[in-house]
Structures are given as structure tokens and as C-alpha cells.
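Dropping the structure in here first, questions after.
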Amino acid sequence: MKCPVILPSEPARLKALSAYGFDDEQLLQSLDPVVRIASRMFGMPVAAVNMIGSDHVFFAASTGVGHVDMRRDVSFCAHAINQADVMLVPDATLDERFHDNPLVTGDTNLRFYAGVPLMSPEGLALGALCIIDDQPHHDFSPEDCKRLQELAKMASDRLELRRIEVAAERSTPQIQEDASSFPTPHEEQELRQQASVDGLTGLANRAKFYRQVEDVLIRPAPVALMMIDIDGFKDVNDTLGHTLGDAILRELATRLQQLVGEGDLAARIGGDEFALMLTGMTDAGAATQLAEAILVAIARPIKVDSHQVHISASCGIALAPAHTQEALELVGDADLALFKAKRVGRGRVYVFTPSLRMEAMARRLYGLELHRAVDKGEFVLFYQPQISLSDGSITGAEALIRWHHPERGILAPAVFLPALEGGPLAATVGSWILNEACAQAAYWRRSGAPRFRIGINLSGAQFQVGDLATEVMETLARHGLPPEALELEVTENIVLDNDDIVLGVLRRLHAQGVGIAFDDFGTGYASLSLLKSYPLSRIKMDQSFVRGILTSKRDASVVRAILDMARNFDLETIAEGVEYEAEYNYLRREHCDEAQGFLFGKPMSAPQFELMFGIGRAKAIA
């Protein structure tokens, strides 16, 4: 068993802990909702806030905990306080630090642990918020870690309020031996201010926001919560610097403050995340209209020094009592709605529905099974043909992943991709797709389609693990496939989330002759600027425009504009979602290069593809 390390800051840490007035029996009631939400959110039987003493640990709040060895030497949380982010132990029996720990080998039977350190204002770890299970979990995703960290922030806020209350009590003792050791009334007021106000913007901070929501719901009174996240704000900071970024945040705070009425509250609850509490609002339609107006206000140009900055934001909405009457759960509902809004696209508003919670549960459920799917080879590739509009010949195919589930049959990507892309297996599966698709394309090029091109969708995770450019070139060489036979597809979200990294990798691949396609073109906000800076060979027009080219003048104008733009940038074009002959003829008249869609064939297995187009084994049989 590996004992937790005692850092040099230990004396200062224990002194900071003493300011919270805890003893072995002391529980902090305000932390109870946090541990209950943690247990329910992640489906874990045990959740706790553990404070780390000199030689033992004690609970400030817990749920589902039985009799536990509280020695610091065996505590997982005593390890967690020594790191800055989430300490994740998927299976303690496989972890060299814990495999022979009494909590693992004894009656507690601890298998899974995830814990986040709880910090004092001075940056000293007081303890940890943790979730525990007697079953291993290899599917705990980065998204799950982020949500646990958000709950830890709530716990830290409530601990800070506890510290301020204790400081106030100690400042007026019956017999005050050393008055200089206690805060003055002015200092006490400053402490309370720090616990309620965001220092950068002057808005309410996270702690005050949660307290106000709780107060409103206890009455009870109807309320709408809006969680607002600035789209791509990291790029603003990276481009303009944090000083100008802070100025932008202050301007946005001013705009939000002007939009809330009496009894409402605007707050900054994270780096680029704001929240609004609007009392008396019960109608989802009215809340959506207001949210859209707020996003319009946010999108107005911001002039900072000599720069004029344009930004957008996404918004998630939850309503009480319609969705829940519990404060932290309502905040969680609004967060889920925000997560959905950002997945749909930038600048969107989404209202919470119970299905979002079901989707989150489904992601966790499928996450549990993804490891088995990888181990057992349950993923398969389907292929959708891509056709030249000039002569109707097949030019290639887009490789699309499917899951051959042993109980549910063939599953479409929409069912499991959110769980896959947000989990630890995304890069592994991406490598498998690359290898499998290249192997298939190489076989087809040798068997009747010498100019066949395969299209593969990349995930953001593939740019973060290893050297993607080298992996791609080695895969092509392994299968004897020339670079021009491969086209890698990227979306705007991937580009914007990992800008410098993605740009470097794509430039290397493009220089080697690999095709780079910009997928879903026209649906995002940064598409035009990306055409100038990214090494693209093709743009794929989103099917939402193609569907309307015969009935909507606006969609037809967008399609013509995209085609004209592509020609000016010397890029090829492919239209997605072509289903009717009239669409085919229209696109051909407008000189679109290629198309794919149900008119030419749905995504199909390799044997079906061979039969339809007379290549590979089908040609050999014939």
C-alpha cells in the first residue's frame, strides 16, 4: 500500500483547515445537497466531502457511507488533495497505489474512486469531494470529470461561507485575549463581499447565485435559470490577450445586468460562463424569446481599445417548478440544456427536457459497454457512395461507423457517438476506423476501382493523442495506398477547439497529398475565415441547404454562393443529402463537382457496396 505524500505546505494547510471550525463530529448541512446530487448525477452509491486532518479524515457531508476506516494513511482523499484536478481510480484492484489498501481488500470493497480537492482561498487543499462504488468504472469520461469539478466548486463555495461565519463568531468572543488575531468589522465586510461578488465583473459570483436560487425555491416561487457560455472565448484570449479578454467579460456583464429586472439576478459562475435567475417566469416560450434577445445583445460588436470584437454565446434554460424544485438539480438541468445547445451549434438556445437527462444516462450506459465493444470487435464500417455529377461515375465513399450491438442490432452513430467522443476510447476507435477504411479502399482500388477515394471523419481526440500526421502516413504505406486516395473530414468544432494543433497536423498531411475536407460547411460562424487559413481541398455542403434548393430561394442562394466561393478558392465541392433527381440536376447545372445521398445509395456494408457498384469480390464472382 502506498501512503499519501505529506507536502511541505502541511502546517499551513492544517492551519487553514482550523479556520473552518470543524471537529470529528462536525457536519455542514449546506453540503448535503452537493453530495446527494453527486451520488444521483453519476449513479454512485457513495458520495462524500472528506476533510483531511493530521492523521485521520472526517466527513463534512456524506451519503451512502457505512462503517469506514478513517485513518489518513488509507484514505484515497488524502492522495487526491495532492493534485490539482480529478483523481480518477477506475479499478482500485489494478492500481499499484491501492490494490492492497484495506479499503479495497476489506469489507468496504472499494473499487472505483473519483475525487476533486477542495481548496481554501489561499490555494491549500482542505479535503476532497469524492464519489465511490464497489464496482469498477472504466467509462468515467472527461465530461464526467468536468461535472464533478463543477460540484466541487459548489462545495468550496459553501465551505468558504462556513469560514466567514466562523470568523465572524470568533471576532466577538466572551473573553477576547488577542483582538488583533480576529477580523475588524471592515475586514469582515470585505470577507462577505468576496464570498458574494465576482471580483472581475462585479456581478454575483457562483456562491451567491446558488444561494439565491435556493432561497427562491424554498418559498417556493417560479423561476427560470439561464446558463450562458461564450462560444470560443479561448480564441479571444489567445488572440487579444487576457487583459482585453477581461475587458470583454466586463462589458458582457454590464449588458446582462441591464437586461435583468428587479428581483432577478445576473452572475458570473465561471471563466466565460454567466447565469441569470429570472423570477416569476413559468413559460418556456417566453424564456426562449428572452434568451434569444439576450444572445442578440451579446452579439453586438464590442469595442476594446482599437479592436472591434464580435462574439456569440449559447444558452441553456431550465424552469421551476416545471423541471424540478431542487436548486442544484435545476442548475444541473440548465447545464444539460446548455450542453445540448453547444452540440447543436453556436449561438443556440435550448430548453431542458427530461429526455436530456435520459440522454446523459444513455451516454453513461453506452459508455459502460464501449470497452467491451472495442475488445470484442463490435464496431463495423458502412460506406456511402460519392458520385461525380459530370458523368455519374463513382469516385469514392465516406466511411461511417456503426455498432453491431449483440442485443440491439446495428446502432446508428447518433446513439453512441456522444458517449464515444466524450470518453477515453475516441482516439482508439478513430485509429481503428483509419486502418479499416484504408484497408478496404486499397482492396477496392486493386479490384476494379483504381481511382477510388475514401473519406474518413476525424475526431478532436485524435489530434490530442500521439502524432496523427505520422499515423496517417504510416497507415497509407502499410496498405499501399497513395495519399490522394484518402480524404480526411473535419468539422468547425474540431478546428476551433484545437486551433493551432489541428492546423499544424492538417498542413503536414496536405503537403503530403492527403485530401482535407471541411464538413457541414455553411452551418457555423467561422467557416469563411477558415477557408483562408486552412489547407483544404474540398468543402462539403450541409444537407440542410441541399434539401431546400428547389423550394427556398434563400437556400438556393446559399448553395450558389458556396459553389462560387469554392471555385474562387480553387476547392472542389460535394453536396450531402441528395435524395431526388431534381436536386441532382440542379446541382449539376450549378457545376457542383460531386454528391452523396440516398439517391445514389444509403450507407451500406462492404459486401453490399461491392454488389451495387461491381467492384471487389462481386466483380471477381461475376
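The values are calculated or read from the model by the stated rules, or taken from the named source; none is laboratory data. All values derive from a computational prediction rather than experimental measurement. Heads up, the Cβs are rebuilt from the backbone with ideal geometry, glycines too, and the neighbour counts pull from every protein chain shown. Just the protein is used for accessible areas: all its heavy atoms, side chains included, with ligands, DNA and RNA removed. Shrake-Rupley method; radii C 1.70, N 1.55, O 1.52, S 1.80 Å.
Relative contact order for region 192-257: what percent, with Cα pairs under 8 Å and sequence separation of 6 or more? Display every interim value, and only then the final one.
On the way: 28 pairs, mean separation 20.5, N = 66.
Relative contact order of region 192-257: 31 percent.
Give me the distance in nm between label points sitting 7 Å out from Cα along the Cα-to-Cβ direction at Val344 and Arg40, one decimal.
The modelled label-to-label distance comes out at 2.5 nm.
Something else about it: Can you list the HN-Hα couplings for region 451-464, worked out from phi with the Karplus curve (6.51, -1.76, 1.60; θ = phi - 60°), rounded to whole Hz and with x for Gly and Pro?
Along region 451-464, the couplings run 10, 5, 10, 10, x, 10, 7, 8, 9, x, 4, 5, 7, 9 Hz.
Which one, Gln83, Leu124, Leu110, projects farthest toward the positive side of the charge dipole computed for region 51-159 from Cβ point charges (K/R +1, D/E -1)?
Of the options given, the answer is Leu124.
Hey, what's the chain come to in accessible area per residue, 1.4 Å probe, Å²? Could you put the intermediate results ahead of the total?
Numbers: 28250 Å² over 622 residues.
On a per-residue basis, 45 Å².
Return the Cα extents of region 108-157 along principal axes one, two and three, sorted largest first, each rounded to a whole Å.
Result for region 108-157: principal-axis Cα extents of 35, 26, 13 Å.
Now, a different point. Figure the gain on full extension for Gln149 and Asp246 (residue separation times 0.36 nm, minus the Cα-Cα span) and round it to one decimal in nm.
On the way: separation 97, 0.36 × 97 = 34.92 nm, distance 2.30 nm.
Residue separation times 0.36 nm, minus the Cα-Cα distance, leaves 32.6 nm.
Treating the beta-carbon of each Lys and Arg as +1 and of each Asp and Glu as -1, no other charges, what is the dipole magnitude of region 444-525 about its Cα centre, to the nearest 20 debye? Show your work: numbers first, answer last.
Details: 7 positive and 12 negative charges, 127 e Å.
Using Cβ point charges on Lys, Arg, Asp and Glu, region 444-525 gives about 620 debye.
Just to verify a number: FRET efficiency for Asp134 and Asp500, C-beta to C-beta distance, R0 = 35 Å, to 0.05? Let's see the in-between values first.
On the way: r = 43 Å, r/R0 = 1.23.
Computed FRET efficiency for Asp134 and Asp500: 0.20.
Residues with amide H under 5 Å of Val304's amide H, sequence separation 5 or more or different chain, H placed in the peptide plane at 1.01 Å from N; which?
Close amide H contacts, sequence-distant or interchain: Val309.
Tell me, what HN-Hα J-couplings in whole Hz come from the Karplus equation 6.51 cos²θ - 1.76 cosθ + 1.60 at θ = phi - 60° for each residue of region 49-65, using x for Gly and Pro?
Each residue's phi maps through the Karplus curve to give 10, 9, 9, 9, x, 5, 9, 8, 10, 8, 7, 8, 6, 7, 9, x, 8 Hz.
Fully extended, how many nm does the chain gain between Glu122 and His405 (0.36 nm per residue separation, minus their Cα-Cα distance)?
Working: separation 283, 0.36 × 283 = 101.88 nm, distance 5.03 nm.
Working it through step by step, the gained length comes to 96.8 nm.
Something else now. Can you work out the FRET efficiency for the pair Asp467 and Ala221, with r the C-beta to C-beta distance and R0 = 51 Å, to the nearest 0.05? Write down the numbers at each step before the final one.
Working: r = 56 Å, r/R0 = 1.10.
Step by step, r from the Cβ atoms, then E = 0.35.
Whole-Hz Karplus ³J(HN,Hα) for region 91-101, in order, using 6.51 cos²θ - 1.76 cosθ + 1.60 and θ = phi - 60°, x for Gly and Pro?
8, 4, 5, 9, 9, 5, 6, 10, 4, 10, 5
For region 236-314, take every pair of Cα atoms, bin their distances at 10 Å starting from 0, and report each bin as a whole percent.
Histogram of Cα-Cα distances, whole percents per bin: 16, 49, 26, 8, 0.
Another question about this same structure. What FRET efficiency, computed as 1/(1 + (r/R0)^6) with R0 = 22 Å and r the Cβ-Cβ distance, is obtained for Ser9 and Arg97, rounded to the nearest 0.05? Intermediate results must be reported in sequence, preceding the final value.
Values: r = 21 Å, r/R0 = 0.95.
Computed FRET efficiency for Ser9 and Arg97 comes out at 0.55.
Quick check on my link table: of Lys15/Lys234; Lys234/Lys376; Lys153/Lys376; Lys303/Lys540; Lys146/Lys532; Lys153/Lys340, which ones sit more than 31 Å apart, alpha carbon to alpha carbon?
Working: Lys15/Lys234 36 Å; Lys234/Lys376 39 Å; Lys153/Lys376 39 Å; Lys303/Lys540 34 Å; Lys146/Lys532 34 Å; Lys153/Lys340 22 Å.
In this structure, Lys15/Lys234; Lys234/Lys376; Lys153/Lys376; Lys303/Lys540; Lys146/Lys532 exceed 31 Å between Cα atoms.
Follow-up question, since we're still on this one. Under the rule of at least 5 residues apart or a separate chain, name every residue whose amide H is placed under 5 Å from the amide H of His56.
Here the answer is Arg72, since their amide H atoms fall under 5 Å of that of His56.
May I pose another question? Tally the DSSP beta bridges in the chain and give the antiparallel ones as a percent, rounded to 5. Walk me through the intermediate numbers first.
Working: 62 of 87 bridges.
Beta bridges within the chain, antiparallel portion: roughly 70 percent.
Next up: Translational diffusion coefficient of the chain at 10 °C, 1.306 mPa s, Stokes-Einstein with Kirkwood Rh over Cα pairs, in µm²/s as a whole number. The partial results should precede the final answer.
Details: Rh = 27.5 Å.
Rounded to a whole number, D works out at 58 µm²/s.
Which Rg and Dmax, in Å, describe the Cα atoms of region 407-565?
16.8, 48
Oh, and also: Using a 7 Å offset from the Cα along the Cα-to-Cβ direction at both Thr254 and His67, what is the distance between the two label points in nm, to one decimal?
It is 6.4 nm.
Taking amide H positions as placed in the peptide plane 1.01 Å from N, state which residues far from Gly396 in sequence (5 or more) or on other chains have amide H under 5 Å from it.
Amide H neighbours of Gly396: Gln386, Arg453.
Here is a further query. On a 1.4 Å probe surface of the protein chains, which of Trp432, Trp403 comes out largest in accessible area, and what is the full order?
Details: Trp432 80, Trp403 0 Å².
Sorted descending by solvent-accessible area, the residues read Trp432, Trp403.
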